[in-house]
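In what follows, a structure is listed as structure tokens, so that the remarks can point back to it.
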Number of protein chains: 2
Amino acid sequence: MPDIKPYPITRSLIPENQESPIHFLSAAITPEPYFFRRNHFPYPAITGESFLLPVSGEVMRPLTFHSQDLLRMPSKEIAVVMECSGNNRSRFQPEVYGEQWEGGAVSQGVWRGVPLRDLLKWTGLSAEAKEIVFEGTDSGKRTGQEGTFTFARSLPLDKALHPDTIIAYELNGKPIPFEHGYPLRLIVPQWYAMASVKWLRKITAIRHHFQGPFQESDYMYFPEKNSDEGKTPVTAIHVNSIIQQPINYSVLKAGTHRIHGLAWTGNGRITTVEVSTDGGKRWEQATIQGTRDPYGWVTWTYAWAAFEQGDYTLMSKAADSAGFIQPAEARWNRKGYGYNAYSTVNVKIE
Amino acid sequence: MPDIKPYPITRSLIPENQESPIHFLSAAITPEPYFFRRNHFPYPAITGESFLLPVSGEVMRPLTFHSQDLLRMPSKEIAVVMECSGNNRSRFQPEVYGEQWEGGAVSQGVWRGVPLRDLLKWTGLSAEAKEIVFEGTDSGKRTGQEGTFTFARSLPLDKALHPDTIIAYELNGKPIPFEHGYPLRLIVPQWYAMASVKWLRKITAIRHHFQGPFQESDYMYFPEKNSDEGKTPVTAIHVNSIIQQPINYSVLKAGTHRIHGLAWTGNGRITTVEVSTDGGKRWEQATIQGTRDPYGWVTWTYAWAAFEQGDYTLMSKAADSAGFIQPAEARWNRKGYGYNAYSTVNVKIE
């Protein structure tokens, strides 16, 4: 008998961009083969230098850590929802360019590592330090720009020094898989995943605002089509939910059906998930299950008594403890980031 | 370094429905792991009976063939485009229920088998025979109907007796993989793939018109939303083409780009493929490459000189020797079969 299983969904091969088959996964932790992959460049080469992590710039004592050093330091393990800020980009209207992610550019893993603040205790920070820059090992060309670029991003001090911003070396109890940043990856809980720099090879404290293309050109909300007016940086994950099952445009028999899915946020915790089975007119509370890790997603379920034949539009809407509620429409922006409108599924009861 | 490869695209697990990652495949023959899978029921069990093929009904001498018997008979090998009639269903507007196939419910394989007409020479056909019914081993429930159904379909005599309608036992030089119908599968070139019954376990000549649910309820074009008026059966594949690369909503740098894809038809052969880079105003001939198997697809390519920045809508349009041309819009039908509008891809040159 065949081994039936879902597969990642390929968006591009070079660089490798593959989506998680999220509708078909039930484990709270995304199994590694299904963890979404999002790259800006071809995979980098691993060399001896990949295991060294220099910390320099506006610090008192520049130091280079070896990845082995980190293994000996006190560590913490954190369950984190990692969501690509382009997740659901394909749903924006009007359409926007870029990887046409559907709902699977989000996964959950348990990361183990050392808080960045603990490393910085060894180096100290100068009083002028304003941001910390994180540089990956991956580099290459950018469409429409001359030269070669390295994937690099900065964090403001408060986020960089947060006790849960870690330099991770393990995912789900094993060394981080190469595709996800081996040997060291910055993990920034609550922010979209571009902040969690893979193949981390350099940390630099700076006294100004960092302006790399992955911070000033990409990963910026541009609300206008033809001007850069009103741009703001992509940071915390918007409150979001997804209906995993049933599948869109499926035909079900009359009876009770379990509508279930996931919900997560980058601001506080998920407090409620509501479900509508009539296209958003009436909403009912779904039952939130699963873990309540501070940075994790929740699973939710709703028993739908569907005894009447007809066409139905199912929706889910999450709210978080910071007061954010999923909107009926996502805020359009030219590069298609931060989509978080209601999850919508059409089904027919036969 | 990681092994980067595309994967099938999961539409459902039970029954297993997986799409081919067609945009990322370049071989003329679809590698077996990427051959699309479309099932109506959970996979059937293989038993001793699976290797027997009784031919009865309106025949002179009912006979049961063993699959080993077929291996000893004269055989032929045919390259065949197999397209699910629901391919591209997700593109119909208004949307229709059913598996939301995008463009990958089509694959090409080389099938080896014995012409059905050769088997029927042993049994003879009675003068009253009007259709031949093919029964698979797969069975199960249907939404909205009572009872258990077996996947079964009929062919009119002329198609059943066509010398290239074969009872196949090999795909690409190997025994047919279980998921694709092992040990015996009916192969009906030029018709949509529902006609090519998998796990073939019974052939019956009948004197009337066969009316199974996979013939009278499914696989029927219903042009009206709320009535069955004007229904016609799904048979030959509509002339079709796909732009494999570039990918929709990708951003390319200024320069010459290769637009390439596939084209196929169930009526005659592909004669031309045209490409538009301005949303359908002007059309240019693409170069047709690859094999010219009578039932195979062609690969085509077009060198696009894209030196001006801007947004472009690329389209492909195929025509066949029977006079059919891909239309700008597919003919809507309630169950979403036979989609064959131009393949359309939006790209930005930066």
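The values are calculated or read from the model by the stated rules, or taken from the named source; none is laboratory data. Being a predicted model, the structure only gives us computed values, none of them experimental. A quick note on method: Cβ atoms are made from the backbone with ideal geometry, for glycine too, and the neighbour counts reach across all protein chains shown. Heads up: the accessible areas ignore ligands, DNA and RNA and are worked out on the full protein's heavy atoms, side chains in. Shrake-Rupley method; radii C 1.70, N 1.55, O 1.52, S 1.80 Å.
Please indicate, with yes or no, whether at least one residue in the range B:3-17 is at pLDDT below 95, in a loop (DSSP other than H, G, I, E, B) and among the charged types (D, E, K, R). Checked against the condition, which is being at pLDDT below 95, in a loop (DSSP other than H, G, I, E, B) and among the charged types (D, E, K, R), the range B:3-17 yields at least one hit. Among all residues of the range B:266-283, there is none that is within 21 Å of B:Ile237 (Cα to Cα), of a type in the set (Ser, Thr, Tyr) and surrounded by fewer than 14 Cβ atoms within 10 Å (Cβ to Cβ). Restrict the check to the range A:72-91 and report whether at least one residue is among the charged types (D, E, K, R), open to solvent by less than 70 Å² (accessible area, probe 1.4 Å) and free of Cβ contacts under 8 Å to residues at least 60 places away in the same chain. There is no residue in the range A:72-91 that is among the charged types (D, E, K, R), open to solvent by less than 70 Å² (accessible area, probe 1.4 Å) and free of Cβ contacts under 8 Å to residues at least 60 places away in the same chain.
Among B:Ala79, B:Ala45, which is hydrophobic (A, V, I, L, M, F, W, C) and over 26 Å from B:Ala236 (Cβ atoms)? Exactly one residue qualifies, and that residue is B:Ala45. There is no residue in the range B:59-72 that is within 17 Å of B:Gly181 (Cβ to Cβ), of a type outside the set (Gly, Ala, Ser) and within 14 Å of another protein chain (Cβ to nearest Cβ).
Condition check: open to solvent by 30 Å² or more (accessible area, probe 1.4 Å) and not in a loop (DSSP other than H, G, I, E, B). Does A:Asp228 satisfy that? No. Of all the listed residues (A:Ala322, A:Ala303), the sole one being closer than 20 Å to A:Lys348 by Cβ and open to solvent by 40 Å² or more (accessible area, probe 1.4 Å) is A:Ala303. Of the numbered criteria (1) within 14 Å of another protein chain (Cβ to nearest Cβ); (2) within 17 Å of the chain's Cα centre (by Cα); (3) of a type outside the set (A, V, I, L, M), the one A:Phe92 fails is (2). All told, B:Leu125 falls short of being surrounded by 18 or more Cβ atoms within 10 Å (Cβ to Cβ) and either at pLDDT below 95 or not in a loop (DSSP other than H, G, I, E, B) (or both). If you go through the range A:284-298 and keep only what is crowded, with 20+ Cβ neighbours inside 10 Å and under 18 Å from the mean Cα position of the chain (by Cα), you end up with A:Tyr295, A:Gly296, A:Trp297, A:Val298. Evaluating A:Arg61 against the criteria (1) in contact with a strand residue (DSSP E or B) (Cβ under 7 Å, 6 or more places away or on another chain); (2) more than 30 Å from B:Phe35 (Cα to Cα); (3) at pLDDT 95 or above leaves one unmet condition, (1).
Looking only at the range A:83-97, decide whether some residue is within 28 Å of A:Thr47 (Cβ to Cβ) and assigned by TED's automatic domain parsing to the domain that holds A:Glu32. Explain how you work it out, then say what you get.
Looking only at the range A:83-97, we keep the residues that are within 28 Å of A:Thr47 (Cβ to Cβ), and these are A:84.
When the remaining residues are screened for being assigned by TED's automatic domain parsing to the domain that holds A:Glu32, the result is A:84.
Looking through the range A:83-97, at least one residue is within 28 Å of A:Thr47 (Cβ to Cβ) and assigned by TED's automatic domain parsing to the domain that holds A:Glu32.
Considering the conditions (1) free of Cβ contacts under 8 Å to residues at least 60 places away in the same chain; (2) within 14 Å of chain A (Cβ to nearest Cβ); (3) out of contact with any Ser or Thr (no Cβ under 9 Å at 6 or more places or on another chain); (4) open to solvent by 40 Å² or more (accessible area, probe 1.4 Å), B:Arg38 is excluded by exactly one of them, (1). In this structure, A:Gln190 does not qualify as under 18 Å from the mean Cα position of the chain (by Cα), outside the structural domain of A:Phe65 (by TED's automatic domain parsing) and touching a residue at least 60 places away in the same chain (Cβ under 8 Å).
To keep it simple, each residue is scored yes or no on (1) closer than 22 Å to B:Ser196 by Cβ; (2) without any contact (Cβ under 8 Å) to a residue 24 or more places away in the chain; (3) within 11 Å of chain A (Cβ to nearest Cβ).
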| residue | (1), (2), (3) |
| --- | --- |
| B:Tyr7 | no, yes, yes |
| B:Ser12 | yes, no, yes |
| B:Ala27 | yes, yes, no |
| B:Tyr43 | yes, no, yes |
| B:Ile46 | yes, no, yes |
| B:Ser50 | yes, no, no |
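A single entry from B:Lys231, B:Lys253 fulfils the requirement of being among the charged types (D, E, K, R) and over 30 Å from A:Glu146 (Cβ atoms): B:Lys231.
Residue count for the range B:101-122 under the criterion of being within 27 Å of A:Ile247 (Cβ to Cβ), of a type outside the set (Gly, Ala, Ser) and buried (at least 22 other Cβ atoms within 10 Å of the Cβ): the result is 2. Would it be correct to say that B:Glu95 is touching a strand residue (DSSP E or B) at 6+ places or on another chain (Cβ under 9 Å), free of Cβ contacts under 8 Å to residues at least 24 places away in the same chain and part of a loop (DSSP other than H, G, I, E, B)? Against the criterion (touching a strand residue (DSSP E or B) at 6+ places or on another chain (Cβ under 9 Å), free of Cβ contacts under 8 Å to residues at least 24 places away in the same chain and part of a loop (DSSP other than H, G, I, E, B)), B:Glu95 qualifies. Among the numbered conditions (1) closer than 27 Å to B:Ile4 by Cα; (2) touching a strand residue (DSSP E or B) at 6+ places or on another chain (Cβ under 9 Å); (3) open to solvent by 20 Å² or more (accessible area, probe 1.4 Å); (4) assigned to a helix (DSSP H, G or I), the only one that A:Ile29 does not meet is (4). Of the residues in the range A:134-149, at least one is surrounded by fewer than 18 Cβ atoms within 10 Å (Cβ to Cβ) and part of a loop (DSSP other than H, G, I, E, B).
Take residues that are under 26 Å from A:Ala27 (Cα atoms) and within 14 Å of another protein chain (Cβ to nearest Cβ) and tell me which of the strands (runs of 3 or more DSSP E) falling wholly in the range A:234-350 contain 1 or more. Break it down into steps so the answer makes sense when it comes.
Values: elements: A:240-245, A:250-252, A:255-264, A:270-276, A:287-289, A:298-306, A:310-320, A:343-349.
Hits in the range A:234-350: A:240-245, A:250-252, A:255-264, A:310-320, A:343-349.
Could you list all residues from the range A:172-193 that are touching a strand residue (DSSP E or B) at 6+ places or on another chain (Cβ under 7 Å), outside any loop (DSSP other than H, G, I, E, B) and open to solvent by 10 Å² or more (accessible area, probe 1.4 Å)? Within the range A:172-193, A:Pro175, A:Glu179, A:Arg185, A:Trp191, A:Ala193 qualify.
Looking only at residues in the range B:203-216 that are surrounded by 17 or more Cβ atoms within 10 Å (Cβ to Cβ) and not β-branched (Val, Ile, Thr), the one that is nearest to B:Ala129 (Cα to Cα) is B:Ala205. Selection of the range A:41-56 for residues being part of a loop (DSSP other than H, G, I, E, B), crowded, with 16+ Cβ neighbours inside 10 Å and of a type outside the set (Ser, Thr, Tyr) yields A:Phe41, A:Pro44.
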